[in-house]
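The values are calculated or read from the model by the stated rules, or taken from the named source; none is laboratory data. Quick caveat: nothing in here was measured; it's all calculated off a predicted structure. Methodologically, a virtual Cβ is constructed for each residue, glycine included, from the backbone with ideal geometry; neighbour enumeration extends over all protein chains shown.
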Amino acid sequence: MIIYRSDKVSFFFVFYFLINVQPRADIENNNRLIGQSSPPISLQKLNGRNHLHIEDVSKDYNIVLVFFSSKNNQSLKMVSDLHQIKAGIISNSIQYYLVNVLEDKEFLDSFINEKVYSIPVLMDHYGVALKMFDSESVPLTVVINKGGKISYYNQGYDDSELFNLITHIRSIK
C-alpha cells in the first residue's frame, strides 16, 4: 500500500502549526496572571510629591491600568481608545489610570498638556511596575478588580482585543 505524501501537504501542516500553536502559547502566558493577586505597586503621581498605592485603591474600586510611552504609536493608540472607553462606560466603581514608563517628568508634563488627557497619569520612572506585571514592553493593559486580583491582562495592541476589554469592563462595572 502506498500512502500519498506531498510536499504541499507537509508545508500546510507546518504552516498551520506555526500559525495556530504559537499564539496559543502567548495567550496562555498572558492569561497565567489572571486570577493572581496584583503585585504591591506604588506609582508616582504627576505632581511628583505623592504616590498612588494600587493595593489601597483596589480595596474600593476596580482599576484599569494602561502602561504607555509617548514614543510608542501603539501605546498612544491604546491611550486614545481608553479615553473613548471611559467616556462610553460611566461607572463610579472603576478608576482609570495611564502609567507612563521611563520618561522624564518635565517632558511628560508638556506632552500631557498638549494632548489634553483626562485620565490621571502616573509615572513608572524605572519600569519596575511594568516588570512586576511580567512585561518589558508597552502598551500593557491590566484590569485589577476590587479585592486586588488581576482580571484582565493584554500585552501589546490589537484592534480585535479592544472588544474583549470593553466587554470585560462592562462586566465589572
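Kindly indicate whether any position in segment 79-86 is touching a Gly at 6+ places or on another chain (Cβ under 7 Å), closer than 25 Å to Arg32 by Cβ and at pLDDT 95 or above.
no
Take Phe133 and decide whether it is hydrophobic (A, V, I, L, M, F, W, C) and more than 26 Å from Asp60 (Cβ to Cβ).
For Phe133, the condition - hydrophobic (A, V, I, L, M, F, W, C) and more than 26 Å from Asp60 (Cβ to Cβ) - is not met.
Please state which one of Thr167, Thr141 is within 22 Å of Glu55 (Cα to Cα) and among the β-branched types (Val, Ile, Thr). Give the steps one after another, and end with the answer.
Working: Thr167 fails: within 22 Å of Glu55 (Cα to Cα).
Testing whether each residue is within 22 Å of Glu55 (Cα to Cα) and among the β-branched types (Val, Ile, Thr) leaves just Thr141.
Given segment 21-69, what strands (runs of 3 or more DSSP E) lie entirely inside it while holding 3 or more residues that are at pLDDT 95 or above?
62-68
Looking at Val79, Val99, Val66 in this structure, which one is buried (at least 18 other Cβ atoms within 10 Å of the Cβ) and touching a helix residue (DSSP H, G or I) at 6+ places or on another chain (Cβ under 6 Å)?
Of Val79, Val99, Val66, the one residue that is buried (at least 18 other Cβ atoms within 10 Å of the Cβ) and touching a helix residue (DSSP H, G or I) at 6+ places or on another chain (Cβ under 6 Å) is Val66.
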